[in-house]
Amino acid sequence: MRPIQMVDLKTQYQKIKPEIDKAVIDVLESSAFINGKPVQEFAIALATYLGVKHVIPCANGTDALQISMMALDLQPGDEVITPSFTYIATTEVVALLRLTPVFVEVDAKTFCMDIESLRKAITPKTKAIVPVHLYGQAANIEAILQVAKEHNLYVIEDNAQAIGCNYTFSDGTVKKTGTMGTVGCTSFFPSKNLGCYGDGGAICTNDDALAHKLRMIANHGQQRRYYHEIVGCNSRLDTIQAAVLNIKLKDLDNYIAARNKAADFYNTAFADHPKITTPYIAPYTNHVFHQYTLLLEGVDRNGLNEYLAGKNIPSMIYYPVPGHRQEMFAGIGVDSYHLPVTDWLTERVISLPIHTELDDEQLNYITSSLLEYINQ
Ligand SMILES: *Cc1c(COP(=O)(O)O)cnc(C)c1O
């Protein structure tokens with residue numbers, strides 16, 4: 001049996017090696033390492049895939065969020081609503097820009113932003129909502145867009161974990177996550193569903209004027225070289241990474257299908273177990289399984305983690321400390337938050353290996369080992 005990893009990038013690479021190697025060598029030979037042709041080609045290919053007007057490539061997903069908040073002209077003191085149950089990047093950039101993060105609950109079943117909690121968090125200072133399509137399924141974006149419309153707020157989708165996911169509106173319209181809000185932000189970190197071989201990110205929007213501003217901000221606030229109109233930053237997708245992404249984008253739907261196949265195997269093995277809740281998928285979304293996350297009830301989670309590790313099966317807790325309990329926010333009064341669902345989830349979730357290269361032998365070994373521990 002091949003060794004089991006949370007993400008097996010090596011085996012995936014072996015399958016596309018000739019194409020990747022050629023594309024990377026082509027960049028080396030062109031030596032157009034910055035803003036080479038593959039960067040623009042990738043931006044167009046991704047925009048076509050997602051069905052969005054503009055894709056602005058940048059250096060990573062965290063920058064994508066930061067540049068979006070800068071382009072929307074959010075000012076110190078403006079409140080930005082985000083779930084507490086997410087990766088730190090979502091909220092860190094809010095604080096970095098001296099905006100005020102306002103943490104809300106997630107839904108106990110979908111792990112995505114809870115709409116009632118969102119409504120309650122709105123104040124006259126609220127300027128933006130940052131829903132996270134956590135683990136690979138869409139947040140309830142139709143309801144979030146409705147709230148945003150009622151209160152005239154921006155919606156910044158954190159789509160780092162869900163690229164390729166489809167959201168179905170109540171009128172039957174289907175759209176890709178990251179294309180429905182004011183802007184959508186994504187990451188090409190190697191372990192993401194569309195990962196490059198280093199850091200990378202992108203911002204999506206259908207708004208022409210905003211796209212222009214996003215591009216300027218990612219490029220030192222200039223549209224003409226050496227004439228800097230607004231304060232920006234330096235955030236670029238390397239040509240080598242774009243060349244890799246051009247190849248991997250063609251496989252994204254196959255990658256999603258492979259992840260779903262592994263998830264189906266897990267779901268079948270754990271179905272109806274009294275101590276295990278398998279991932280719930282809301283009716284308005286499909287799941288691209290960036291993570292496969294179980295909820296455990298009455299199980300010693302650390303014990304399970306160690307037992308699996310002893311059998312060379314990695315497992316992870318995403319996330320052990322929610323945003324509102326992070327030390328970095330201690331100074332801004334977030335310890336007064338009462339987010340019981342979030343706290344409950346951080347104590348019960350466990351993520352199993354999920355990637356494009358898991359075979360039945362590995363999956364069978366993982367599921368039987370996990371059940372062995374839980375049923376003992
Ligand atoms: C990975 C991730 C990011 C940040 O992406 P980087 O490319 O690592 O900066 C932001 N939000 C979420 C939810 C993520 O999972």
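The values are calculated or read from the model by the stated rules, or taken from the named source; none is laboratory data. Predicted model only: the values in this text are computed from it and were never measured. Here the Cβ is made from the backbone with ideal geometry for all residues, glycine too, and neighbour counts use every protein chain on show. These area figures cover heavy atoms from the full protein model, side chains too; ligands, DNA and RNA do not enter into them. Shrake-Rupley method; radii C 1.70, N 1.55, O 1.52, S 1.80 Å.
On the given criteria, is ARG98 open to solvent by 10 Å² or more (accessible area, probe 1.4 Å), over 20 Å from LEU345 (Cα atoms) and in contact with a helix residue (DSSP H, G or I) (Cβ under 9 Å, 6 or more places away or on another chain)?
Numbers: open to solvent by 10 Å² or more (accessible area, probe 1.4 Å): yes; over 20 Å from LEU345 (Cα atoms): yes; in contact with a helix residue (DSSP H, G or I) (Cβ under 9 Å, 6 or more places away or on another chain): no.
So ARG98 fails the test.
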Name every residue in the stretch 118-145 that is away from the ligand (no atom under 12 Å from the Cβ) and in a strand (DSSP E or B), in order of residue number.
THR126, LYS127, ALA128, ILE129, GLN137
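Conditions tested, residue by residue: (1) open to solvent by 90 Å² or more (accessible area, probe 1.4 Å); (2) at pLDDT 95 or above; (3) more than 16 Å from CYS196 (Cα to Cα).
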| residue | (1), (2), (3) |
| --- | --- |
| LYS15 | yes, yes, no |
| ALA23 | no, yes, no |
| PHE33 | yes, yes, no |
| LEU65 | no, yes, yes |
| ASP78 | no, yes, yes |
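Rundown of residues vs (1) in a helix (DSSP H, G or I); (2) of a type in the set (S, T, N, Q); (3) more than 9 Å from the ligand (Cβ to nearest atom), yes/no style:
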residue: VAL52; (1), (2), (3): no, no, yes
residue: LEU65; (1), (2), (3): yes, no, no
residue: MET70; (1), (2), (3): yes, no, yes
residue: GLN75; (1), (2), (3): no, yes, yes
residue: TYR87; (1), (2), (3): no, no, no
residue: ALA95; (1), (2), (3): yes, no, yes
residue: PHE111; (1), (2), (3): no, no, yes
residue: GLU116; (1), (2), (3): yes, no, yes
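With the requirement that a residue be within 13 Å of the ligand (Cβ to nearest atom) and either out of contact with any Phe, Trp or Tyr (no Cβ under 9 Å at 6 or more places or on another chain) or aliphatic (A, V, I, L, M) (or both), what does the stretch 166-187 give you?
Scanning the stretch 166-187 gives GLY178, GLY184, CYS185, THR186, SER187.
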Filter pass, CYS204 being within 15 Å of the chain's Cα centre (by Cα) and not in a loop (DSSP other than H, G, I, E, B):
yes
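What about GLY198, is it surrounded by fewer than 19 Cβ atoms within 10 Å (Cβ to Cβ) and not in a helix (DSSP H, G or I)?
Working: surrounded by fewer than 19 Cβ atoms within 10 Å (Cβ to Cβ): yes; not in a helix (DSSP H, G or I): yes.
Here the answer is yes, as GLY198 does meet what is asked.
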Quick one: is LEU46 within 16 Å of the ligand (Cβ to nearest atom), within 27 Å of ALA263 (Cβ to Cβ) and touching a Leu at 6+ places or on another chain (Cβ under 7 Å)?
yes
Looking for something of a type outside the set (Phe, Trp, Tyr), open to solvent by less than 70 Å² (accessible area, probe 1.4 Å), outside any loop (DSSP other than H, G, I, E, B) and free of Cβ contacts under 8 Å to residues at least 12 places away in the same chain - is there at least one such residue anywhere in the stretch 208-223?
yes
Spot the failing condition for CYS233; the list is (1) within 14 Å of the ligand (Cβ to nearest atom); (2) buried (at least 17 other Cβ atoms within 10 Å of the Cβ), and only one is missed.
(2)
Only one of these conditions is not met by VAL102: (1) within 16 Å of the ligand (Cβ to nearest atom); (2) in a strand (DSSP E or B). Which number is it?
(1)
Residues to consider are ALA218, ALA243; find the one that is under 21 Å from ASN60 (Cβ atoms) and either within 17 Å of the chain's Cα centre (by Cα) or within 16 Å of the ligand (Cβ to nearest atom) (or both).
ALA218
